[in-house]
1. Take region B:48-79 and flag every residue that is under 19 Å from B:Q119 (Cα atoms) and either at pLDDT below 80 or exposed (fewer than 15 other Cβ atoms within 10 Å of the Cβ) (or both).
2. Give all pairs with beta carbons closer than 9 Å in which a residue from region B:51-72 that is among the basic types (K, R) meets a residue that is surrounded by fewer than 18 Cβ atoms within 10 Å (Cβ to Cβ) and in a loop (DSSP other than H, G, I, E, B); count only pairs at least 6 apart in sequence or on separate chains.
3. Going through region C:37-65 one residue at a time, which ones are more than 7 Å from every other protein chain (Cβ to nearest Cβ) and of a type in the set (V, I, T)?
4. What number of residues within region C:1-33 are assigned to a helix (DSSP H, G or I) and within 11 Å of chain A (Cβ to nearest Cβ)?
5. Being at the interface with chain C (Cβ under 7 Å from one of its Cβ atoms) and over 19 Å from the mean Cα position of the chain (by Cα) is the filter here; which residues of region A:31-69 pass it?
6. Which one of C:V58, C:V12, C:V18 is among the aliphatic types (A, V, I, L, M), within 29 Å of A:G76 (Cα to Cα) and free of Cβ contacts under 8 Å to residues at least 40 places away in the same chain?
7. For region B:153-166, name all the residues that are more than 9 Å from every other protein chain (Cβ to nearest Cβ) and either touching a His at 6+ places or on another chain (Cβ under 6 Å) or among the hydroxyl-bearing types (S, T, Y) (or both).
8. Against the definition (part of a helix (DSSP H, G or I) and in contact with a Lys or Arg (Cβ under 9 Å, 6 or more places away or on another chain)), how does C:M46 come out, yes or no?
Amino acid sequence: MEIIQIIGIGIIAAIFSVTIKQEKPELAVLISIAAGILIFFLIAERLPHIVGVFNDIVNKTQVDSIFISTLLKIIGIAYITEFGSQICKDMGENSIASKIELGGKVIIMILGLPILTALTETILGILP
Amino acid sequence: MLLKIISNLTIIVCCTFLGLHMSYRYNYRIYNIKILQSILAHLETEIIHYSTFLSQAIINSVRPFEGEWKTFFLKVAASLEDNNEHSLIDIWIECLKGLKNNPYIGKPEYEIIYRFGMQLGGTDKKSQEKYFKLAQEQLKIEENNAQQLRLRYSKMYRSLGLLLGIGIAIVLF
Amino acid sequence: MNIDIIFKIAAVGILVSVLNQVLLRAGREEMAMLTTLTGVVVVLLMVVNLINNLFNSVKSIFRLY
(Lines give C-alpha, C1' and ligand atoms only; values in the text may rest on other atoms or scores of the structure.)
Protein backbone atom coordinates (compact mmCIF):
# COMPACT_ATOMS: atom_id res chain seq x y z
CA MET A 1 0.00 0.00 0.00
CA GLU A 2 1.86 3.01 -1.23
CA ILE A 3 -0.87 5.43 -0.22
CA ILE A 4 -0.14 4.85 3.47
CA GLN A 5 3.54 5.55 2.89
CA ILE A 6 2.70 8.67 0.95
CA ILE A 7 0.39 9.95 3.68
CA GLY A 8 3.02 9.14 6.31
CA ILE A 9 5.76 10.99 4.47
CA GLY A 10 3.46 13.93 3.96
CA ILE A 11 2.40 14.20 7.58
CA ILE A 12 5.93 13.78 8.94
CA ALA A 13 7.30 16.36 6.53
CA ALA A 14 4.51 18.76 7.42
CA ILE A 15 5.21 18.42 11.13
CA PHE A 16 8.93 19.03 10.63
CA SER A 17 8.26 21.89 8.29
CA VAL A 18 5.99 23.62 10.81
CA THR A 19 8.54 23.02 13.58
CA ILE A 20 11.39 24.58 11.66
CA LYS A 21 9.47 27.34 9.94
CA GLN A 22 9.65 29.67 12.96
CA GLU A 23 13.44 29.52 13.14
CA LYS A 24 14.58 28.81 9.62
CA PRO A 25 11.97 29.25 6.87
CA GLU A 26 14.50 28.47 4.13
CA LEU A 27 15.14 25.00 5.53
CA ALA A 28 11.41 24.37 5.91
CA VAL A 29 11.02 24.89 2.16
CA LEU A 30 13.83 22.41 1.53
CA ILE A 31 11.97 19.85 3.65
CA SER A 32 8.85 20.29 1.55
CA ILE A 33 10.91 19.88 -1.64
CA ALA A 34 12.42 16.65 -0.32
CA ALA A 35 8.99 15.36 0.71
CA GLY A 36 7.55 16.13 -2.72
CA ILE A 37 10.38 14.33 -4.47
CA LEU A 38 10.12 11.29 -2.18
CA ILE A 39 6.37 11.05 -2.83
CA PHE A 40 6.99 11.28 -6.54
CA PHE A 41 9.51 8.43 -6.34
CA LEU A 42 6.92 6.31 -4.57
CA ILE A 43 4.46 6.71 -7.43
CA ALA A 44 7.17 6.68 -10.10
CA GLU A 45 7.32 2.89 -9.98
CA ARG A 46 3.71 2.66 -11.14
CA LEU A 47 3.79 5.31 -13.85
CA PRO A 48 5.52 3.25 -16.58
CA HIS A 49 2.58 0.79 -16.52
CA ILE A 50 0.20 3.61 -17.42
CA VAL A 51 2.51 4.73 -20.19
CA GLY A 52 2.67 1.16 -21.45
CA VAL A 53 -1.13 0.92 -21.52
CA PHE A 54 -1.29 4.16 -23.48
CA ASN A 55 1.20 2.77 -26.00
CA ASP A 56 -0.85 -0.42 -26.38
CA ILE A 57 -4.00 1.57 -27.09
CA VAL A 58 -2.13 3.64 -29.67
CA ASN A 59 -0.76 0.55 -31.36
CA LYS A 60 -4.23 -1.01 -31.55
CA THR A 61 -5.98 2.09 -32.92
CA GLN A 62 -3.10 2.94 -35.25
CA VAL A 63 -3.00 6.63 -34.42
CA ASP A 64 0.30 8.27 -35.38
CA SER A 65 2.65 7.52 -32.47
CA ILE A 66 4.07 11.06 -32.53
CA PHE A 67 0.83 12.29 -31.00
CA ILE A 68 0.97 10.04 -27.97
CA SER A 69 4.66 10.73 -27.34
CA THR A 70 4.01 14.48 -27.55
CA LEU A 71 1.16 14.08 -25.11
CA LEU A 72 3.42 12.25 -22.66
CA LYS A 73 6.09 14.92 -22.99
CA ILE A 74 3.54 17.61 -22.30
CA ILE A 75 2.34 15.81 -19.18
CA GLY A 76 5.93 15.45 -17.93
CA ILE A 77 6.79 19.08 -18.58
CA ALA A 78 3.58 20.22 -16.92
CA TYR A 79 4.39 18.14 -13.85
CA ILE A 80 7.93 19.51 -13.48
CA THR A 81 6.80 23.07 -14.11
CA GLU A 82 4.06 22.79 -11.54
CA PHE A 83 6.55 21.34 -9.04
CA GLY A 84 9.04 24.18 -9.52
CA SER A 85 6.51 26.98 -9.50
CA GLN A 86 4.79 25.58 -6.41
CA ILE A 87 8.11 25.57 -4.56
CA CYS A 88 8.75 29.16 -5.54
CA LYS A 89 5.26 30.10 -4.35
CA ASP A 90 5.94 28.35 -1.02
CA MET A 91 8.93 30.61 -0.56
CA GLY A 92 6.80 33.63 -1.34
CA GLU A 93 8.44 34.40 -4.70
CA ASN A 94 5.30 34.68 -6.77
CA SER A 95 6.94 36.57 -9.64
CA ILE A 96 9.60 33.88 -10.18
CA ALA A 97 6.87 31.24 -10.00
CA SER A 98 4.92 32.93 -12.75
CA LYS A 99 8.08 33.17 -14.88
CA ILE A 100 8.60 29.42 -14.50
CA GLU A 101 5.00 28.82 -15.52
CA LEU A 102 5.46 31.07 -18.52
CA GLY A 103 8.53 29.05 -19.56
CA GLY A 104 6.59 25.81 -19.19
CA LYS A 105 3.69 27.15 -21.23
CA VAL A 106 5.94 28.29 -24.07
CA ILE A 107 7.72 24.94 -24.25
CA ILE A 108 4.40 23.05 -24.19
CA MET A 109 3.25 25.33 -26.99
CA ILE A 110 6.33 24.49 -29.05
CA LEU A 111 5.78 20.78 -28.46
CA GLY A 112 2.13 21.13 -29.44
CA LEU A 113 2.87 22.90 -32.73
CA PRO A 114 3.35 19.71 -34.85
CA ILE A 115 -0.07 18.48 -33.69
CA LEU A 116 -1.55 21.83 -34.62
CA THR A 117 -0.03 21.72 -38.10
CA ALA A 118 -1.22 18.13 -38.55
CA LEU A 119 -4.69 19.22 -37.54
CA THR A 120 -4.74 22.12 -39.99
CA GLU A 121 -3.51 19.88 -42.80
CA THR A 122 -6.26 17.37 -42.05
CA ILE A 123 -8.88 20.09 -42.03
CA LEU A 124 -7.52 21.55 -45.26
CA GLY A 125 -7.60 18.06 -46.75
CA ILE A 126 -11.24 17.60 -45.79
CA LEU A 127 -12.20 20.97 -47.18
CA PRO A 128 -12.81 20.89 -50.90
CA MET B 1 24.54 -0.06 11.27
CA LEU B 2 26.12 -0.67 14.66
CA LEU B 3 29.47 0.47 13.32
CA LYS B 4 27.87 3.63 11.99
CA ILE B 5 26.28 4.44 15.33
CA ILE B 6 29.52 3.77 17.19
CA SER B 7 31.59 5.92 14.85
CA ASN B 8 29.08 8.75 15.02
CA LEU B 9 29.09 8.59 18.80
CA THR B 10 32.88 8.76 18.69
CA ILE B 11 32.72 11.88 16.55
CA ILE B 12 30.24 13.51 18.93
CA VAL B 13 32.32 12.66 22.00
CA CYS B 14 35.53 13.93 20.37
CA CYS B 15 33.93 17.21 19.35
CA THR B 16 32.45 17.65 22.82
CA PHE B 17 35.85 17.19 24.41
CA LEU B 18 37.34 19.64 21.92
CA GLY B 19 34.73 22.21 22.94
CA LEU B 20 35.35 21.55 26.63
CA HIS B 21 39.06 22.00 26.05
CA MET B 22 38.48 25.29 24.26
CA SER B 23 36.33 26.57 27.12
CA TYR B 24 38.85 25.28 29.66
CA ARG B 25 41.47 27.52 28.08
CA TYR B 26 39.69 30.61 29.41
CA ASN B 27 39.60 29.24 32.96
CA TYR B 28 43.23 28.23 32.82
CA ARG B 29 44.33 31.63 31.52
CA ILE B 30 42.75 33.35 34.53
CA TYR B 31 44.40 30.80 36.80
CA ASN B 32 47.76 31.55 35.19
CA ILE B 33 47.32 35.30 35.60
CA LYS B 34 46.51 34.86 39.29
CA ILE B 35 49.58 32.66 39.77
CA LEU B 36 51.69 35.26 37.99
CA GLN B 37 50.41 37.98 40.31
CA SER B 38 51.35 35.94 43.37
CA ILE B 39 54.78 35.12 41.94
CA LEU B 40 55.46 38.80 41.28
CA ALA B 41 54.35 39.73 44.80
CA HIS B 42 56.74 37.15 46.30
CA LEU B 43 59.51 38.28 44.00
CA GLU B 44 59.00 41.86 45.07
CA THR B 45 59.38 40.93 48.73
CA GLU B 46 62.49 38.89 47.98
CA ILE B 47 64.13 41.64 45.98
CA ILE B 48 63.11 44.76 47.87
CA HIS B 49 63.25 43.53 51.45
CA TYR B 50 65.65 40.58 51.52
CA SER B 51 67.92 41.66 48.64
CA THR B 52 68.64 38.07 47.63
CA PHE B 53 70.40 37.23 44.36
CA LEU B 54 67.92 37.17 41.51
CA SER B 55 68.19 33.45 40.72
CA GLN B 56 67.73 32.50 44.35
CA ALA B 57 64.93 35.03 44.75
CA ILE B 58 63.11 33.55 41.74
CA ILE B 59 63.49 29.99 43.03
CA ASN B 60 62.26 31.01 46.47
CA SER B 61 59.24 32.93 45.23
CA VAL B 62 58.16 30.33 42.68
CA ARG B 63 58.30 27.36 45.02
CA PRO B 64 54.69 27.18 46.28
CA PHE B 65 53.05 27.57 42.85
CA GLU B 66 52.13 25.54 39.75
CA GLY B 67 51.46 26.23 36.10
CA GLU B 68 53.15 27.57 33.01
CA TRP B 69 54.80 30.56 34.62
CA LYS B 70 56.55 28.40 37.18
CA THR B 71 58.40 26.53 34.44
CA PHE B 72 59.31 29.83 32.81
CA PHE B 73 60.73 31.34 36.00
CA LEU B 74 62.59 28.14 36.88
CA LYS B 75 64.12 28.15 33.41
CA VAL B 76 65.28 31.74 33.88
CA ALA B 77 66.78 30.89 37.26
CA ALA B 78 68.57 27.83 35.89
CA SER B 79 70.05 29.79 32.99
CA LEU B 80 71.17 32.54 35.36
CA GLU B 81 72.93 30.00 37.56
CA ASP B 82 74.93 28.05 35.02
CA ASN B 83 75.46 30.56 32.23
CA ASN B 84 77.27 33.67 33.28
CA GLU B 85 78.03 34.88 29.78
CA HIS B 86 74.55 36.22 28.99
CA SER B 87 72.77 39.17 30.50
CA LEU B 88 69.43 38.85 32.25
CA ILE B 89 67.64 40.50 29.30
CA ASP B 90 68.96 37.91 26.82
CA ILE B 91 67.96 35.04 29.07
CA TRP B 92 64.55 36.58 29.70
CA ILE B 93 63.81 36.95 25.95
CA GLU B 94 65.12 33.46 25.23
CA CYS B 95 62.94 31.86 27.89
CA LEU B 96 59.85 33.90 26.95
CA LYS B 97 60.08 32.53 23.39
CA GLY B 98 58.89 29.16 24.67
CA LEU B 99 55.67 30.73 25.95
CA LYS B 100 54.82 32.71 22.86
CA ASN B 101 52.33 30.25 21.35
CA ASN B 102 51.16 28.73 24.60
CA PRO B 103 47.34 28.47 24.44
CA TYR B 104 46.96 29.09 28.17
CA ILE B 105 48.78 32.41 28.14
CA GLY B 106 47.28 35.47 26.51
CA LYS B 107 49.25 37.96 24.47
CA PRO B 108 48.75 40.88 26.91
CA GLU B 109 50.29 39.20 29.93
CA TYR B 110 53.09 37.89 27.75
CA GLU B 111 53.91 41.47 26.80
CA ILE B 112 53.58 42.75 30.35
CA ILE B 113 56.16 40.20 31.49
CA TYR B 114 58.35 41.02 28.48
CA ARG B 115 58.40 44.71 29.42
CA PHE B 116 58.85 43.84 33.08
CA GLY B 117 61.92 41.75 32.28
CA MET B 118 63.48 44.54 30.24
CA GLN B 119 63.96 46.74 33.31
CA LEU B 120 64.39 44.10 36.01
CA GLY B 121 67.54 44.83 37.95
CA GLY B 122 68.32 47.91 35.91
CA THR B 123 67.49 50.62 38.44
CA ASP B 124 67.54 51.38 42.13
CA LYS B 125 65.20 49.93 44.73
CA LYS B 126 62.64 52.68 44.61
CA SER B 127 61.97 52.52 40.88
CA GLN B 128 62.05 48.73 41.02
CA GLU B 129 59.19 48.92 43.46
CA LYS B 130 57.37 51.24 41.07
CA TYR B 131 57.80 48.83 38.18
CA PHE B 132 56.51 45.94 40.27
CA LYS B 133 53.44 47.97 41.12
CA LEU B 134 52.92 48.88 37.47
CA ALA B 135 53.11 45.24 36.36
CA GLN B 136 50.67 44.23 39.08
CA GLU B 137 48.19 46.88 38.00
CA GLN B 138 48.39 45.88 34.37
CA LEU B 139 47.94 42.24 35.32
CA LYS B 140 44.87 43.20 37.35
CA ILE B 141 43.34 44.82 34.26
CA GLU B 142 44.17 41.78 32.14
CA GLU B 143 42.59 39.54 34.75
CA ASN B 144 39.38 41.53 34.50
CA ASN B 145 39.49 41.31 30.71
CA ALA B 146 40.06 37.57 30.86
CA GLN B 147 37.19 37.22 33.30
CA GLN B 148 34.86 38.98 30.88
CA LEU B 149 36.06 36.88 27.95
CA ARG B 150 35.42 33.77 30.00
CA LEU B 151 31.87 34.82 30.85
CA ARG B 152 31.24 35.44 27.19
CA TYR B 153 32.90 32.59 25.37
CA SER B 154 33.46 29.73 27.81
CA LYS B 155 29.81 28.68 27.77
CA MET B 156 29.58 29.24 24.02
CA TYR B 157 32.52 26.95 23.25
CA ARG B 158 31.12 24.27 25.55
CA SER B 159 27.85 24.05 23.65
CA LEU B 160 29.47 24.74 20.29
CA GLY B 161 31.60 21.59 20.56
CA LEU B 162 28.64 19.33 21.26
CA LEU B 163 26.47 20.93 18.58
CA LEU B 164 29.19 20.77 15.96
CA GLY B 165 29.76 17.10 16.75
CA ILE B 166 26.06 16.35 16.38
CA GLY B 167 26.02 18.33 13.14
CA ILE B 168 28.90 16.36 11.61
CA ALA B 169 27.27 13.11 12.73
CA ILE B 170 23.94 14.05 11.14
CA VAL B 171 25.49 15.12 7.87
CA LEU B 172 27.55 11.94 7.64
CA PHE B 173 24.77 9.61 8.75
CA MET C 1 14.71 6.23 -1.80
CA ASN C 2 13.92 6.43 1.90
CA ILE C 3 12.54 8.94 4.29
CA ASP C 4 15.85 9.41 6.10
CA ILE C 5 16.54 12.60 4.23
CA ILE C 6 13.55 14.38 5.73
CA PHE C 7 14.68 13.51 9.24
CA LYS C 8 18.18 14.62 8.32
CA ILE C 9 17.06 17.98 7.02
CA ALA C 10 14.86 18.55 10.06
CA ALA C 11 17.74 17.64 12.38
CA VAL C 12 20.09 19.98 10.57
CA GLY C 13 17.49 22.74 10.76
CA ILE C 14 16.93 22.37 14.49
CA LEU C 15 20.68 22.13 15.07
CA VAL C 16 21.39 25.25 13.04
CA SER C 17 18.77 27.22 14.91
CA VAL C 18 20.20 26.13 18.27
CA LEU C 19 23.72 27.03 17.10
CA ASN C 20 22.38 30.36 15.99
CA GLN C 21 20.94 31.03 19.43
CA VAL C 22 24.19 30.07 21.15
CA LEU C 23 26.30 32.27 18.90
CA LEU C 24 23.91 35.20 19.16
CA ARG C 25 23.97 34.98 22.94
CA ALA C 26 27.78 35.08 22.87
CA GLY C 27 27.60 38.18 20.69
CA ARG C 28 29.00 36.69 17.48
CA GLU C 29 26.46 37.74 14.90
CA GLU C 30 28.76 37.17 11.94
CA MET C 31 29.46 33.58 13.00
CA ALA C 32 25.73 33.00 13.46
CA MET C 33 25.15 34.25 9.92
CA LEU C 34 27.86 31.91 8.63
CA THR C 35 26.40 28.89 10.40
CA THR C 36 22.99 29.62 8.91
CA LEU C 37 24.56 29.85 5.48
CA THR C 38 26.49 26.62 5.99
CA GLY C 39 23.39 24.77 7.12
CA VAL C 40 21.41 25.94 4.10
CA VAL C 41 24.22 25.00 1.72
CA VAL C 42 24.68 21.54 3.24
CA VAL C 43 20.95 20.80 3.05
CA LEU C 44 20.81 22.23 -0.44
CA LEU C 45 23.57 19.86 -1.53
CA MET C 46 21.50 16.92 -0.28
CA VAL C 47 18.33 18.18 -1.93
CA VAL C 48 20.01 19.04 -5.22
CA ASN C 49 20.94 15.39 -5.60
CA LEU C 50 17.31 14.44 -5.04
CA ILE C 51 16.11 17.01 -7.57
CA ASN C 52 18.56 15.65 -10.12
CA ASN C 53 17.15 12.16 -9.54
CA LEU C 54 13.61 13.48 -9.91
CA PHE C 55 14.34 15.18 -13.22
CA ASN C 56 16.12 12.14 -14.59
CA SER C 57 13.26 9.84 -13.72
CA VAL C 58 10.64 12.23 -15.08
CA LYS C 59 12.66 12.41 -18.27
CA SER C 60 12.86 8.66 -18.64
CA ILE C 61 9.22 8.00 -17.73
CA PHE C 62 7.72 10.61 -20.05
CA ARG C 63 10.44 10.15 -22.72
CA LEU C 64 11.45 13.78 -22.61
CA TYR C 65 14.86 13.50 -24.18
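The values are calculated or read from the model by the stated rules, or taken from the named source; none is laboratory data. Predicted model only: the values in this text are computed from it and were never measured. Here the Cβ positions follow ideal geometry from the backbone for every residue, glycine too, while neighbour counts run over all protein chains shown.
1. Across region B:48-79, the qualifying residues are B:I48, B:H49, B:S51, B:T52, B:F53, B:L54, B:S55, B:Q56.
2. Short answer, once both residue conditions are applied: B:K70/B:R63.
3. Once the filter is applied, which keeps residues that are more than 7 Å from every other protein chain (Cβ to nearest Cβ) and of a type in the set (V, I, T), region C:37-65 yields C:T38, C:V41, C:V48.
4. So the answer is 18.
5. Listed by number, the list holds a single entry, A:I31.
6. Criteria check complete, one pass: C:V58.
7. Once the filter is applied, which keeps residues that are more than 9 Å from every other protein chain (Cβ to nearest Cβ) and either touching a His at 6+ places or on another chain (Cβ under 6 Å) or among the hydroxyl-bearing types (S, T, Y) (or both), region B:153-166 yields only B:S154.
8. yes
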